[in-house]
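What follows is one structure encoded as C-alpha coordinates, with my remarks underneath.
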Amino acid sequence: MKFTKMHGLGNDFVVVSDYSDVPKEVNNLAIDICHRNFGVGADGLVFILPSTTADVRMRIFNADGSEAEQCGNAIRCVAKYVYDHNMIKKDALSVETLAGIQHVKLHLKEDEDIVSKVIVDMGEPILKGELVPTAIHQDQVVNQSVEVDGVTFHFTAVSMGNPHAVIFVENAKDFDVEKWGSKIETHTLFPKKTNVEFVTVNSDHELEMRVWERGVGQTLACGTGACATGVASVITGQASRDVTVRLIGGDLKVVWSEEDNKVYMTGAAEEVFVGEWLGPVEF
(Lines give C-alpha, C1' and ligand atoms only; values in the text may rest on other atoms or scores of the structure.)
Protein backbone atom coordinates (compact mmCIF):
# COMPACT_ATOMS: atom_id res chain seq x y z
CA MET A 1 0.00 0.00 0.00
CA LYS A 2 1.60 3.27 -1.12
CA PHE A 3 1.24 6.26 1.17
CA THR A 4 2.29 9.87 1.62
CA LYS A 5 3.34 11.27 4.99
CA MET A 6 1.88 14.75 5.58
CA HIS A 7 1.35 17.11 8.48
CA GLY A 8 -0.57 20.21 9.44
CA LEU A 9 1.54 22.14 11.98
CA GLY A 10 3.07 18.89 13.20
CA ASN A 11 -0.24 17.03 13.50
CA ASP A 12 0.86 14.21 11.19
CA PHE A 13 -0.92 11.71 9.00
CA VAL A 14 -0.34 8.73 6.75
CA VAL A 15 -2.34 9.61 3.63
CA VAL A 16 -3.57 6.96 1.16
CA SER A 17 -5.31 7.84 -2.11
CA ASP A 18 -5.24 4.82 -4.44
CA TYR A 19 -8.40 2.97 -3.35
CA SER A 20 -12.17 3.27 -3.66
CA ASP A 21 -12.80 2.30 -0.03
CA VAL A 22 -10.95 1.58 3.20
CA PRO A 23 -9.42 -1.85 4.00
CA LYS A 24 -11.44 -4.49 5.83
CA GLU A 25 -9.23 -4.40 8.94
CA VAL A 26 -8.72 -0.64 8.85
CA ASN A 27 -8.87 -0.16 12.63
CA ASN A 28 -6.00 -2.56 13.25
CA LEU A 29 -4.13 -1.15 10.28
CA ALA A 30 -4.36 2.34 11.77
CA ILE A 31 -2.92 1.11 15.06
CA ASP A 32 -0.03 -0.64 13.30
CA ILE A 33 0.85 2.03 10.77
CA CYS A 34 0.60 4.93 13.25
CA HIS A 35 2.92 3.29 15.79
CA ARG A 36 6.01 5.49 16.07
CA ASN A 37 8.40 2.61 16.76
CA PHE A 38 7.06 -0.31 14.72
CA GLY A 39 5.13 1.55 12.02
CA VAL A 40 5.40 4.71 9.94
CA GLY A 41 4.43 6.89 12.89
CA ALA A 42 1.49 9.30 12.81
CA ASP A 43 -1.44 10.76 14.71
CA GLY A 44 -3.84 9.31 12.18
CA LEU A 45 -4.40 7.32 8.99
CA VAL A 46 -6.28 9.23 6.28
CA PHE A 47 -7.96 7.82 3.18
CA ILE A 48 -8.84 10.03 0.22
CA LEU A 49 -11.78 8.34 -1.49
CA PRO A 50 -14.29 8.97 -4.29
CA SER A 51 -17.49 10.80 -3.30
CA THR A 52 -20.93 11.00 -4.87
CA THR A 53 -21.77 14.25 -3.05
CA ALA A 54 -18.47 16.19 -3.00
CA ASP A 55 -15.19 16.49 -4.88
CA VAL A 56 -13.56 13.91 -2.58
CA ARG A 57 -14.33 11.94 0.58
CA MET A 58 -12.08 11.79 3.63
CA ARG A 59 -12.05 9.11 6.30
CA ILE A 60 -9.65 9.42 9.20
CA PHE A 61 -8.67 6.84 11.80
CA ASN A 62 -6.88 7.80 14.99
CA ALA A 63 -3.71 6.16 16.26
CA ASP A 64 -5.82 3.96 18.59
CA GLY A 65 -7.88 2.66 15.65
CA SER A 66 -11.02 4.69 16.34
CA GLU A 67 -12.59 6.69 13.53
CA ALA A 68 -12.89 10.46 13.89
CA GLU A 69 -15.78 12.45 12.45
CA GLN A 70 -13.60 15.33 11.31
CA CYS A 71 -10.09 16.76 11.58
CA GLY A 72 -9.17 20.30 10.63
CA ASN A 73 -5.48 19.61 10.06
CA ALA A 74 -6.18 16.45 8.05
CA ILE A 75 -8.64 18.18 5.76
CA ARG A 76 -5.99 20.77 4.89
CA CYS A 77 -3.61 17.94 4.05
CA VAL A 78 -6.27 16.31 1.87
CA ALA A 79 -6.94 19.57 0.02
CA LYS A 80 -3.24 20.13 -0.64
CA TYR A 81 -2.74 16.52 -1.73
CA VAL A 82 -5.55 16.41 -4.29
CA TYR A 83 -4.44 19.70 -5.86
CA ASP A 84 -0.68 19.15 -5.83
CA HIS A 85 -1.09 15.60 -7.19
CA ASN A 86 -3.37 16.78 -10.04
CA MET A 87 -6.39 14.85 -8.81
CA ILE A 88 -8.56 17.98 -8.86
CA LYS A 89 -7.18 21.28 -10.17
CA LYS A 90 -9.55 23.78 -8.58
CA ASP A 91 -8.87 26.46 -5.98
CA ALA A 92 -12.14 25.65 -4.20
CA LEU A 93 -12.98 22.10 -3.13
CA SER A 94 -15.67 20.23 -1.25
CA VAL A 95 -14.68 17.36 1.04
CA GLU A 96 -17.14 14.79 2.38
CA THR A 97 -16.54 13.79 6.02
CA LEU A 98 -18.55 11.97 8.68
CA ALA A 99 -19.39 15.42 10.05
CA GLY A 100 -20.80 16.57 6.70
CA ILE A 101 -19.42 18.29 3.61
CA GLN A 102 -16.63 20.80 4.28
CA HIS A 103 -15.66 23.54 1.81
CA VAL A 104 -12.07 24.69 1.40
CA LYS A 105 -10.26 27.42 -0.53
CA LEU A 106 -6.66 27.03 -1.64
CA HIS A 107 -3.90 29.64 -1.67
CA LEU A 108 -1.04 28.82 -4.04
CA LYS A 109 2.63 29.64 -3.58
CA GLU A 110 3.71 32.60 -5.67
CA ASP A 111 5.06 31.47 -9.05
CA GLU A 112 4.45 27.80 -8.12
CA ASP A 113 1.47 25.57 -8.81
CA ILE A 114 1.39 24.08 -5.30
CA VAL A 115 -0.73 24.88 -2.28
CA SER A 116 0.73 27.03 0.49
CA LYS A 117 -2.30 27.59 2.74
CA VAL A 118 -5.83 26.29 3.00
CA ILE A 119 -8.92 28.11 4.28
CA VAL A 120 -11.50 25.67 5.62
CA ASP A 121 -15.17 26.46 6.16
CA MET A 122 -15.62 24.46 9.37
CA GLY A 123 -19.36 25.13 9.54
CA GLU A 124 -21.41 26.36 12.47
CA PRO A 125 -20.31 25.36 15.96
CA ILE A 126 -22.64 23.07 17.91
CA LEU A 127 -23.19 24.34 21.45
CA LYS A 128 -26.19 22.40 22.73
CA GLY A 129 -24.99 20.09 25.47
CA GLU A 130 -26.53 16.81 24.35
CA LEU A 131 -25.45 17.38 20.72
CA VAL A 132 -21.76 18.03 21.46
CA PRO A 133 -22.29 15.50 23.10
CA THR A 134 -22.12 15.87 26.86
CA ALA A 135 -24.28 14.43 29.61
CA ILE A 136 -25.44 17.99 30.40
CA HIS A 137 -28.65 18.95 28.62
CA GLN A 138 -28.37 22.72 28.29
CA ASP A 139 -28.46 25.10 25.32
CA GLN A 140 -24.84 25.98 26.13
CA VAL A 141 -22.38 24.31 28.48
CA VAL A 142 -20.22 27.19 29.69
CA ASN A 143 -17.73 27.09 32.59
CA GLN A 144 -19.17 23.75 33.67
CA SER A 145 -17.24 22.05 36.46
CA VAL A 146 -15.70 18.62 36.05
CA GLU A 147 -13.82 16.89 38.84
CA VAL A 148 -10.98 14.42 38.29
CA ASP A 149 -8.79 13.02 41.06
CA GLY A 150 -10.06 15.64 43.48
CA VAL A 151 -9.20 18.57 41.19
CA THR A 152 -11.97 20.70 39.66
CA PHE A 153 -11.70 22.16 36.16
CA HIS A 154 -14.21 24.34 34.32
CA PHE A 155 -14.88 23.62 30.66
CA THR A 156 -16.91 25.06 27.82
CA ALA A 157 -18.29 22.43 25.42
CA VAL A 158 -18.16 22.95 21.66
CA SER A 159 -18.57 20.56 18.76
CA MET A 160 -16.95 21.27 15.41
CA GLY A 161 -18.24 17.96 14.07
CA ASN A 162 -16.36 16.30 16.94
CA PRO A 163 -16.56 17.03 20.69
CA HIS A 164 -14.30 19.47 22.54
CA ALA A 165 -13.97 20.56 26.16
CA VAL A 166 -12.16 23.90 26.30
CA ILE A 167 -10.51 24.72 29.64
CA PHE A 168 -8.90 28.10 30.34
CA VAL A 169 -5.75 27.94 32.45
CA GLU A 170 -3.11 30.43 33.64
CA ASN A 171 -0.20 28.92 31.72
CA ALA A 172 -1.06 26.60 28.84
CA LYS A 173 2.58 26.29 27.74
CA ASP A 174 3.63 24.53 30.94
CA PHE A 175 0.36 22.76 31.71
CA ASP A 176 0.51 18.99 32.35
CA VAL A 177 -1.58 17.99 29.34
CA GLU A 178 -0.61 14.31 29.55
CA LYS A 179 -1.78 13.95 33.14
CA TRP A 180 -5.10 15.76 32.96
CA GLY A 181 -6.08 15.41 29.30
CA SER A 182 -6.33 11.64 29.46
CA LYS A 183 -8.51 11.73 32.56
CA ILE A 184 -10.91 14.37 31.22
CA GLU A 185 -11.17 12.67 27.81
CA THR A 186 -12.80 9.59 29.33
CA HIS A 187 -14.90 11.30 32.03
CA THR A 188 -18.51 10.16 32.25
CA LEU A 189 -19.68 13.66 31.30
CA PHE A 190 -18.60 12.86 27.75
CA PRO A 191 -20.50 9.85 26.33
CA LYS A 192 -18.33 9.71 23.17
CA LYS A 193 -15.19 10.86 25.00
CA THR A 194 -13.84 14.30 24.15
CA ASN A 195 -10.91 16.27 22.86
CA VAL A 196 -9.54 18.57 25.56
CA GLU A 197 -8.00 22.00 25.00
CA PHE A 198 -6.05 23.89 27.66
CA VAL A 199 -5.98 27.57 26.76
CA THR A 200 -4.44 30.83 27.94
CA VAL A 201 -5.76 34.15 26.63
CA ASN A 202 -2.76 36.31 25.74
CA SER A 203 -4.84 39.14 24.29
CA ASP A 204 -8.13 39.90 22.58
CA HIS A 205 -6.72 38.46 19.35
CA GLU A 206 -4.22 35.83 20.55
CA LEU A 207 -4.72 32.50 22.31
CA GLU A 208 -2.16 29.94 23.48
CA MET A 209 -3.45 26.36 23.24
CA ARG A 210 -2.31 22.87 24.12
CA VAL A 211 -4.43 19.88 23.16
CA TRP A 212 -5.17 16.33 24.17
CA GLU A 213 -6.80 14.62 21.20
CA ARG A 214 -9.36 11.89 21.72
CA GLY A 215 -7.93 8.56 20.66
CA VAL A 216 -4.47 9.99 20.02
CA GLY A 217 -3.00 11.82 23.03
CA GLN A 218 -1.16 15.12 23.08
CA THR A 219 -0.49 16.45 19.58
CA LEU A 220 1.37 19.46 18.23
CA ALA A 221 -1.79 20.97 16.74
CA CYS A 222 -5.52 20.40 16.33
CA GLY A 223 -7.58 22.30 13.77
CA THR A 224 -11.04 21.56 15.14
CA GLY A 225 -9.64 22.21 18.63
CA ALA A 226 -8.38 25.63 17.58
CA CYS A 227 -11.82 26.42 16.16
CA ALA A 228 -13.56 25.23 19.31
CA THR A 229 -11.15 27.33 21.37
CA GLY A 230 -11.93 30.42 19.32
CA VAL A 231 -15.66 29.89 19.83
CA ALA A 232 -15.28 29.23 23.56
CA SER A 233 -13.19 32.37 24.03
CA VAL A 234 -16.00 34.44 22.48
CA ILE A 235 -18.74 32.74 24.49
CA THR A 236 -16.86 33.36 27.74
CA GLY A 237 -16.16 36.99 26.80
CA GLN A 238 -12.37 36.65 26.74
CA ALA A 239 -11.42 37.29 23.11
CA SER A 240 -12.69 38.56 19.77
CA ARG A 241 -14.18 36.58 16.90
CA ASP A 242 -10.93 36.92 14.94
CA VAL A 243 -8.01 35.25 16.73
CA THR A 244 -4.64 33.65 16.16
CA VAL A 245 -4.34 30.36 18.02
CA ARG A 246 -0.74 29.53 18.88
CA LEU A 247 0.09 25.83 19.10
CA ILE A 248 3.32 23.90 19.54
CA GLY A 249 3.44 23.19 15.80
CA GLY A 250 2.59 26.71 14.65
CA ASP A 251 -0.27 29.19 14.33
CA LEU A 252 -3.81 28.87 13.03
CA LYS A 253 -6.05 31.77 12.10
CA VAL A 254 -9.63 31.29 13.36
CA VAL A 255 -12.57 33.56 12.55
CA TRP A 256 -16.10 33.00 13.89
CA SER A 257 -18.16 35.01 11.44
CA GLU A 258 -21.08 37.08 12.71
CA GLU A 259 -22.59 37.09 9.22
CA ASP A 260 -23.19 33.36 8.76
CA ASN A 261 -22.23 31.94 12.21
CA LYS A 262 -19.59 29.75 10.56
CA VAL A 263 -16.02 29.22 11.72
CA TYR A 264 -13.22 29.71 9.18
CA MET A 265 -9.76 28.28 9.80
CA THR A 266 -6.62 29.14 7.86
CA GLY A 267 -3.37 27.19 8.07
CA ALA A 268 -0.64 25.37 6.19
CA ALA A 269 -0.12 21.73 5.26
CA GLU A 270 3.07 20.00 4.19
CA GLU A 271 4.07 16.83 2.38
CA VAL A 272 7.06 15.11 4.03
CA PHE A 273 7.80 11.85 2.20
CA VAL A 274 6.29 8.97 0.27
CA GLY A 275 6.62 5.27 1.02
CA GLU A 276 5.14 1.81 0.75
CA TRP A 277 3.58 -0.10 3.65
CA LEU A 278 4.68 -3.74 3.48
CA GLY A 279 2.35 -5.15 6.12
CA PRO A 280 -0.79 -7.11 5.21
CA VAL A 281 -3.65 -5.03 3.77
CA GLU A 282 -6.85 -6.64 2.51
CA PHE A 283 -9.38 -4.59 0.54
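For region 81-100, residues that are in contact with a Gly (Cβ under 9 Å, 6 or more places away or on another chain) and not polar (S, T, N, Q) total 3.
Pairing each residue of region 19-30 that is under 10 Å from L45 (Cβ atoms) with any residue that is polar (S, T, N, Q), provided the two are 6+ apart or on different chains, yields C-beta distances under 8 Å for N27/S66; A30/N62.
Within region 240-254, residues that are over 20 Å from M6 (Cβ atoms) reach no partner that is modelled with pLDDT under 95 and basic (K, R) with beta carbons closer than 8 Å at six or more positions or on different chains. Considering only residues in region 143-163 that are closer than 17 Å to C227 by Cβ and of a type in the set (V, I, T), the one that is surrounded by the fewest Cβ atoms within 10 Å (Cβ to Cβ) turns out to be T156. What's the total number of residues in region 122-139 that are more than 28 Å from V104 (Cα to Cα) and touching a Ser or Thr at 6+ places or on another chain (Cβ under 9 Å)? Summing the residues that are more than 28 Å from V104 (Cα to Cα) and touching a Ser or Thr at 6+ places or on another chain (Cβ under 9 Å) in region 122-139 gives 2.
From the list N86, N143, pick out the single residue that is farther than 23 Å from D242 by Cα and out of contact with any Leu (no Cβ under 7 Å at 6 or more places or on another chain). The unique qualifying residue is N86.
The set of residues in region 108-130 that are in a strand (DSSP E or B) and under 18 Å from Y81 (Cβ atoms) comprises L108, V115, S116, K117, V118, I119, V120. Could you tell me whether any residue of region 72-82 is outside any helix (DSSP H, G or I), closer than 20 Å to G267 by Cα and either touching an Asp or Glu at 6+ places or on another chain (Cβ under 9 Å) or not basic (K, R) (or both)? Within region 72-82, not a single residue is outside any helix (DSSP H, G or I), closer than 20 Å to G267 by Cα and either touching an Asp or Glu at 6+ places or on another chain (Cβ under 9 Å) or not basic (K, R) (or both).
Annotation note: Cβ proximity below 7 Å between a residue of region 145-161 that is farther than 18 Å from L127 by Cβ and a residue that is in a loop (DSSP other than H, G, I, E, B) (sequence gap 6+ or interchain) occurs for V148/H187.
Within region 265-283, restricting attention to residues that are part of a strand (DSSP E or B) and touching a Phe, Trp or Tyr at 6+ places or on another chain (Cβ under 8 Å), the residue that is farthest from V16 (Cα to Cα) is E271. Which members of region 13-51 meet the condition of being buried (at least 23 other Cβ atoms within 10 Å of the Cβ) and touching a Cys at 6+ places or on another chain (Cβ under 9 Å)? F13, V14, V15, A42, D43, G44, L45, V46, listed by residue number. Cβ-Cβ distances below 7 Å connect the following pairs, each with a first residue in region 116-144 that is within 19 Å of F168 (Cα to Cα), a second residue that is aromatic (F, W, Y), and a separation of six or more residues or different chains: T134/F190; Q144/F155.
Rundown of residues vs (1) out of contact with any strand residue (DSSP E or B) (no Cβ under 6 Å at 6 or more places or on another chain); (2) farther than 17 Å from M160 by Cβ; (3) modelled with pLDDT under 95, yes/no style:
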{"site": "T188", "(1), (2), (3)": "yes, yes, no"}
{"site": "E213", "(1), (2), (3)": "no, no, no"}
{"site": "Q218", "(1), (2), (3)": "no, yes, no"}
{"site": "F273", "(1), (2), (3)": "no, yes, no"}
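Restricting to region 83-107, count the residues that are part of a strand (DSSP E or B) and in contact (Cβ under 8 Å) with a residue 24 or more places away in the chain. Residues meeting the conditions: 10.
Taken together, V78, V56, V15 contain a single residue that is in contact with a Lys or Arg (Cβ under 9 Å, 6 or more places away or on another chain) and β-branched (V, I, T), which is V15.
The values are calculated or read from the model by the stated rules, or taken from the named source; none is laboratory data. Keep in mind that this is a model prediction, so the values were computed, not measured. Note: ideal-geometry Cβ built from the backbone for every residue, glycine included; neighbour counts use all protein chains shown.
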